[in-house]
Amino acid sequence: MPSPTLRLRDILQLRFSPLFAGLPARTLEGISPHSPWKRLAKVAGYAAVRLVGNVFRPIRNAEDLHGKVWLYVVSQNNYEALHFLRESLSDTVLVAGQSKQIGRYNQQVNRLSLRRKLLYYGQFPVALLGLWKTEGRLAWRFFDLVFNAIGYYEVYRRALRHYRPRAVIFANDHNDDARALLLACRAEGVPTAYVQHASVSTSFPPLGFDLSLLEGQDALDKYRQCGPVWGRVDLVGMPKADAFLAQKNQQPTVQCVGIAINLLDETPAVFEAVTYLLREFPALRFTFRPHPGDQRDFTSLRQQHPTLRVSDARQESVFEFLQQQDALVAADTSTHLEAILLNVASIYYRFGTHAGTDDYYGYVAHGLVPRAHSLPELGALLRTYQQHKPLDLYQRAAYYNATLGTPDEGHSQQRAVRLLREWLGDYPSALRSEG
């Protein structure tokens, strides 16, 4: 059985990658502060609010979790990616960790108790020392993240033994708690499946599920670069896009433009780009959409530009947002792919100078979207689309969405359900088999 140090190394794979360590200081500051004293304060806060707080917070789930198929979610996006299975597969329940924030769906998921997580923190000094030997200075730089990850594996193993789920289906393969549950499932012999919910990166951990339903060849090619591919893989397209693929944008010119930003984008560069676009294109309607996890205050931006509309990513899904746009401007986000699938013209433009994640998903390299290196280039591309927007842009996405242009286009959910149902047929419920 792997030592706690080796398990934590596996759980925290992405945190110890050069890509993560090289994120902009502002972005890292919100995840793991640069100052060791601030990291220590974060650890103390986590211990008081989460670890001790969970002990006094009872779990009262609306559904019975015993013998069910768990749909494990770690975010609002995960919920939206897996919810269709809740409607189509019998004996499924949506599950999250005790205090995990699932956005607007917080009250709609069942919770796994993390009360006993507190019991395993005696591992921390030895685990940190072991990680120091394998990861060097990164272990100390991210000791707060190591602290947070302690105990997930053990608590989840206990939950699996208690509830004996028939299988666990994931939409995330790299977050700490999702990785811990995956390892716990392997140890307890619980079957696992994965439904891709967004574009993937070659920095992700190796694909390690019994069944993986990927969107297209792009994802499979990238996972093969991450390491050996475990289990069976099927390409099913993008289930969450099904309801929207029949409503592709047919506007021959651009009139409405979305500006989507993420946590890596630098605030001054965002302000500069928005100001430039609104000044240069007074006839266009612009909608600004920060990432749902972005805590920055953009009130002054809206005050400077009263005509700028705002999309609240916590309340409006990405496809609902894109349905109102003819073009998109964004940097490293899978929203580019979602836009192209709806025939929305999309332009890659970096809001800032950080190069560590340049063309993170390879959209520019594979010809999915054009790139603007400067604001004048961005303006030139947008003017071209303002005069004429092709109606066949979506065909570029075939490498990313396996069902595009096939009889299964718009039916990825049915395809995924069929494959999962067949796969689950090989794993009868432990509770039923005992009966």
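The values are calculated or read from the model by the stated rules, or taken from the named source; none is laboratory data. Remember, predicted model here, so these are calculated numbers, not experimental data. A quick note on method: Cβ atoms are made from the backbone with ideal geometry, for glycine too, and the neighbour counts reach across all protein chains shown.
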- Quick one: which of VAL310, VAL257, VAL344 is without any contact (Cβ under 8 Å) to a residue 40 or more places away in the chain and touching a strand residue (DSSP E or B) at 6+ places or on another chain (Cβ under 7 Å)? VAL310
- Checked against (1) under 30 Å from ALA402 (Cβ atoms); (2) modelled with pLDDT under 95, PHE147 satisfies every condition except (1)
- Query: Is there any pair with a first residue in region 287-304 that is under 21 Å from ILE102 (Cα atoms) and a second that is surrounded by fewer than 17 Cβ atoms within 10 Å (Cβ to Cβ) and charged (D, E, K, R) whose Cβ atoms are under 6 Å apart and which are 6 or more apart or on different chains, and what are they?
  - Reply: PRO292/ARG314
- For the subset of region 269-287 comprising residues that are of a type outside the set (A, V, I, L, M) and over 22 Å from GLN387 (Cα atoms), which member is surrounded by the most Cβ atoms within 10 Å (Cβ to Cβ)? PHE271
- Query: In region 166-175, what residues are at pLDDT 95 or above and under 16 Å from the mean Cα position of the chain (by Cα)?
  - Reply: ILE169, PHE170, ALA171
- Going by the conditions given, is LYS100 over 20 Å from VAL190 (Cα atoms), outside any helix (DSSP H, G or I) and either in contact (Cβ under 8 Å) with a residue 12 or more places away in the chain or of a type in the set (Lys, Arg) (or both)? yes
- Just a yes or no: is a residue in region 110-133 among the β-branched types (Val, Ile, Thr), in contact with a Lys or Arg (Cβ under 8 Å, 6 or more places away or on another chain) and in contact (Cβ under 8 Å) with a residue 24 or more places away in the chain? no
- Task: Just give me the residues in region 313-325 being surrounded by fewer than 23 Cβ atoms within 10 Å (Cβ to Cβ), in contact (Cβ under 8 Å) with a residue 40 or more places away in the chain and within 20 Å of LEU245 (Cβ to Cβ), in sequence order.
- Result: SER317, PHE319, PHE321, GLN323, GLN324
- Task: Among the numbered conditions (1) small (Gly, Ala, Ser); (2) at pLDDT 95 or above; (3) in a loop (DSSP other than H, G, I, E, B), tell me where GLY405 comes up short.
- Result: (2)
- Wholly within region 214-328, helices (runs of 4 or more DSSP H) carrying at least 1 residues that are of a type outside the set (A, V, I, L, M) and within 25 Å of ARG104 (Cα to Cα): 242-245, 299-304, 318-322
- Message: Looking at region 352-396 only, could you name the residues that are free of Cβ contacts under 8 Å to residues at least 12 places away in the same chain and polar (S, T, N, Q)?
- Response: SER374, THR384, GLN395
- How many residues, within region 18-61, are surrounded by fewer than 17 Cβ atoms within 10 Å (Cβ to Cβ), in contact with a Ser or Thr (Cβ under 6 Å, 6 or more places away or on another chain) and either of a type in the set (Ser, Thr, Tyr) or closer than 19 Å to ASP177 by Cα (or both)? 1
- Would you please name the residue that is farthest from LEU424 (Cα to Cα), looking only at residues in region 180-219 that are in contact with a strand residue (DSSP E or B) (Cβ under 8 Å, 6 or more places away or on another chain), surrounded by fewer than 20 Cβ atoms within 10 Å (Cβ to Cβ) and without any contact (Cβ under 8 Å) to a residue 60 or more places away in the chain? PRO206
- Note on the structure: Of the residues in region 251-266 that are hydrophobic (A, V, I, L, M, F, W, C) and within 20 Å of the chain's Cα centre (by Cα), the one that is nearest to LEU284 (Cα to Cα) is ILE259
- Matching residues, region 341-353, being of a type in the set (Val, Ile, Thr) and surrounded by fewer than 24 Cβ atoms within 10 Å (Cβ to Cβ): ILE347, THR353
- Message: Checking the conditions here, which among ARG371, ARG383 is in contact with a strand residue (DSSP E or B) (Cβ under 8 Å, 6 or more places away or on another chain), at negative phi, among the charged types (D, E, K, R) and at pLDDT 95 or above?
- Response: ARG371
